[in-house]
Amino acid sequence: MKPYVVRVALAKVGFALAKKASRNQTWFDRIARRVLERVLKFNFDLDEMVLLDQGYDPDELERYQNRR
Amino acid sequence: MPGVPSVGPSAAGSRSIPRPHQRPGIETRKALCASCDIACSVVTEIQKGRVTRVRSSDNPLFKDNICIKGIVAPKNFANPDRVLYPQKRVGERGSGQWQRVSWDEAMEDIGLRLKKIIAEHGPEAWAVSTSQWNTGTDHGLGRRIMNHVGSPNWISGVALCAGNTAAINRLTYGWYPWPDYDNTNLIVLFGHNPGKNSWVPIYNQIQRVKARGGTLIVLDPRKSECAEMADLWLPIKAGTDAAMAFGWLKVILDEGLYDKAFVERWTVGFEALKKRADEFPLERVSKITGCDAATIAKAARMYATMGPSVIPWTPITDQQRNSTSAIRLQSILRAVCGYLDVPGGEALMGFHPQIISESEIEMHHVLPESQKAKQLGSDKHPAFTYRGQAALREPCKRVWGHEYANQVTGCFMANPSAVFRAMAGEGPYPVKALFSFGNNTLMGFANMPLILKAMLNQDLIVVQEHVMTPTAQLADYVLPGDSWLERPWMFDGYGWLSIYKPSQQSMAPPGECKSTFELWKLTANALGMPEVVPWATLEDFYDYRIAKLGIGFEEFSSTYEVHADTLEFRKYEKTGFATPSGKVELYASILEDLGFDPLPYFRDEPPADPDFPLAMFTGVREGEYFQTGGRHIPEMRARKPEPVLFLSPGTAQQLGLSEHEWVEVETRTGKIEIMVGIRSNMPDGLVRIPHGWWKPETEQGLGKLSGALRYADAMLCPDDDDFIDLEQGIPHLKGLPCRINKLSGAPR
Ligand code: SF4
């Protein structure tokens, strides 16, 4: 296990990056987002229905809602 | 629970959802999905004034946190049978005869009738059953009004799902900790099984931990999806979590694998605990849990030595005969192994210093002590009631700056069964009015026959819903609620995490649907106390809560996806823990003062019942549905059209059952009809029953209740002394004696 102080420092850096990325307003915020895009691992096992989803047609929803 | 910032040195190589570029003419909004209670950050796409697509956030912190329930939201809320206008009952209760009325008419009559009930029976005759996440915009306003009126009788499904975990954790170290997935080395899942369509952010976090070389231990009677991914799987007997945790503790103490410095400096009751753990040699634990001693010892050693480790919240431990002891033992394992409030362990977050919490909105201090003392169930089962949590008020103020931390809204609740008994006329005083908001109370707790009797004995039932649930069918008024697509929202981390997430309104609510904020405001007005909810709009209310940030809600919601305070560890070194002793109470002084065993213990199950030779577990969510909701969504019903039990091939063969056959499952409380599903990952003798089944398309009204009387798992669950946890009074749902009866006739 890494020493406690190292773990704290790493956790704080990660948290600061996450806070920046969650704003996405300034240049530095966007850099934080880029960094996270690079280091985080995404999707492992998404449902096919989610992967293929393209949403609904607005007119189809209207017809469904009004039983037409 | 929520998708907290996840930052770690994970390898590159993502296979994410393909996102087409923004299409011209399609407006987008940032929102939080509330189709379940985990609040995934999503993006809504809007065409012709309505949401036509829900996809996951572009923010890497929340990307790919989405499931099938989220993406079908546009169809869900376009339901042609949605309740769009206030409905007043005009026939007998449950007759299905309704008249459309205006909001003004409805609220005036509700106010008059509620005031009359309070005048006749006292304010405690008014009970409310709800959840702040199901309704979205309650934000503690219901408790605030109840506290001003004088009623302590608020109940919620969180009594057996996370709320009780929070309350019991507080007994040991004063706050409910959040697992730091981003930095942890090892995750232990006690029966919990997050998946691609259930608790998705947690599922993704678990996979991130695995992908960067972390370890997963799963305890589950069946080889679940998470058990398939696990480094170590313990096929634990359902309902024996406390015994298993004792086994781990015994190994860790005997082998000196605990954090001696922390135990020495920050705990009380270690020697007494050690003595109690000695009552659980591995042979005994092995016999109770059905797992072999060597595997139990191996798991304990992994947890203690491969850390920092986390034991995330699990609904499974919440719903057992020994729930209080099991939750306490999980808390104790965290503490003695040195995993409390450290990176990669479990963080004690406290309140956000710049945002007014829901605990504060609730104003528990205005409810007189004499009314708190009347809270139903607090005499026999006080753990999460005002009485049970009272000794934490001063320490909470000392450490966290506020006397009442209503974490996961589970810390000052009445006992649900006691409230239903009082509603049925079997309590110490009558309860004659029930407000059920986004809750489907009839099917959300154990002993549904009792709840039905209780509802039929009410003078006033007010329901806020999207659809005519079985509970709504028994109401005097059914009021139309808005959805998460149709309102702004600010998620508060369940009063557990100090993070806040805003959600923008994506479309106008249909018909006359209103938010729960508006409904509570109208209720306060109808009761003649408008000053209790003084904010004109929901946005004004949010502006008030975040005023210290120096921005209004509109700017807040367009700027941030999550707002968090600074990160600090080992805060207790400055403040102590928020317990009466200021330390981690391995020996819980609060439980002792309440007349219970201050140490964890294990209560054996009652003698085997020869008439009911199988064991069943329920309370199980299916990926397609959230609790009792969603059965009206065509895409979901196409995937999962019927309730299906799971049992092993061996048990099916022994009983002569075949796949897709309809059967009756019976307990001493009731019976339901259900289809058979034979699954090779089920152990022999165990039956899994899905939670919350009814069929909205079938006949409404008393006698049928759209299939609730025929299919709901709550019909099977007892709440008598043998099948409850003593400290909390919550039902044992993991290992109930049952039998399966063959049904003659054609499949239904
Ligand atoms: S897990 Fe699914 S239903 Fe729940 S909040 Fe996330 S997207 Fe919505």
Query raised in the report: Out of curiosity, is B:Lys260 within 29 Å of B:Gly213 (Cα to Cα) and open to solvent by 40 Å² or more (accessible area, probe 1.4 Å)?
Result: yes
Query - So B:Gly96, is it open to solvent by 10 Å² or more (accessible area, probe 1.4 Å) and more than 16 Å from the ligand (Cβ to nearest atom) - result: yes
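Taking the conditions exactly as written (under 22 Å from the mean Cα position of the chain (by Cα) and closer than 28 Å to A:Asn66 by Cβ), does B:Gly96 satisfy them or not? Talk me through it step by step, then tell me what you get.
Values: under 22 Å from the mean Cα position of the chain (by Cα): no; closer than 28 Å to A:Asn66 by Cβ: yes.
In short, no.
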Query - Positions within segment B:402-436 being without any contact (Cβ under 8 Å) to a residue 40 or more places away in the chain and buried (at least 23 other Cβ atoms within 10 Å of the Cβ), in sequence order - result: B:Phe420
Query - Residue list for segment B:35-61, filter: assigned to a loop (DSSP other than H, G, I, E, B), open to solvent by less than 20 Å² (accessible area, probe 1.4 Å) and either more than 10 Å from the ligand (Cβ to nearest atom) or in contact with an Asp or Glu (Cβ under 7 Å, 6 or more places away or on another chain) (or both) - result: B:Ser57, B:Asn59, B:Pro60, B:Leu61
Query - Meets criteria (crowded, with 19+ Cβ neighbours inside 10 Å, touching a strand residue (DSSP E or B) at 6+ places or on another chain (Cβ under 7 Å) and assigned to a helix (DSSP H, G or I)) for B:Ala242 - result: no
**Report entry** Subset of segment B:215-229 (residues that are open to solvent by less than 10 Å² (accessible area, probe 1.4 Å) and either β-branched (Val, Ile, Thr) or more than 16 Å from the ligand (Cβ to nearest atom) (or both))
**Finding:** B:Leu216, B:Ile217, B:Val218, B:Leu219, B:Asp220, B:Ser224, B:Ala227
Report task. Would you confirm whether any residue within segment B:585-604 is surrounded by 19 or more Cβ atoms within 10 Å (Cβ to Cβ), within 14 Å of chain A (Cβ to nearest Cβ) and modelled with pLDDT of 95 or more? Result -> no
Query - Test: residue in segment B:12-23 that is at the interface with another protein chain (Cβ under 8 Å from one of its Cβ atoms), within 15 Å of the ligand (Cβ to nearest atom) and at pLDDT below 95 - result: yes
Report summary line: Subset of segment B:664-678, residues open to solvent by less than 40 Å² (accessible area, probe 1.4 Å) and over 16 Å from B:Pro613 (Cα atoms), comes to B:Ile672, B:Glu673, B:Ile674, B:Met675, B:Val676, B:Gly677
**Report entry** Residues satisfying the stated conditions in segment B:623-654, i.e. more than 20 Å from B:Lys742 (Cα to Cα) and more than 13 Å from every other protein chain (Cβ to nearest Cβ)
**Finding:** B:Tyr625, B:Phe626, B:Gln627, B:Thr628, B:Gly629, B:Gly630, B:Arg631, B:Arg637, B:Pro641
Requested in this report: Test A:Asp53 against the criterion of being charged (D, E, K, R) and crowded, with 18+ Cβ neighbours inside 10 Å, and give yes or no.
Outcome: yes
**Report entry** Pair list, Cβ under 9 Å, 6 or more apart: segment B:636-665 residue touching a residue at least 12 places away in the same chain (Cβ under 8 Å) and on the phi > 0 side of the Ramachandran plot, other residue assigned to a strand (DSSP E or B) and of a type in the set (D, E, K, R)
**Finding:** B:Gly656/B:Lys742
Report task. Mind counting the residues in segment B:181-203 that are closer than 19 Å to B:Glu624 by Cβ and in contact (Cβ under 8 Å) with a residue 40 or more places away in the chain? Result -> 9
**Report entry** Only listed residue being in a helix (DSSP H, G or I) and at the interface with chain B (Cβ under 7 Å from one of its Cβ atoms), chosen from A:Ala32, A:Ala18
**Finding:** A:Ala18
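The values are calculated or read from the model by the stated rules, or taken from the named source; none is laboratory data. What you are looking at is a predicted structure, and each value in this text was computed from that prediction instead of being measured. All Cβ positions, glycine included, derive from the backbone under ideal geometry; neighbour counts span all protein chains shown. Just the protein is used for accessible areas: all its heavy atoms, side chains included, with ligands, DNA and RNA removed. Shrake-Rupley method; radii C 1.70, N 1.55, O 1.52, S 1.80 Å.
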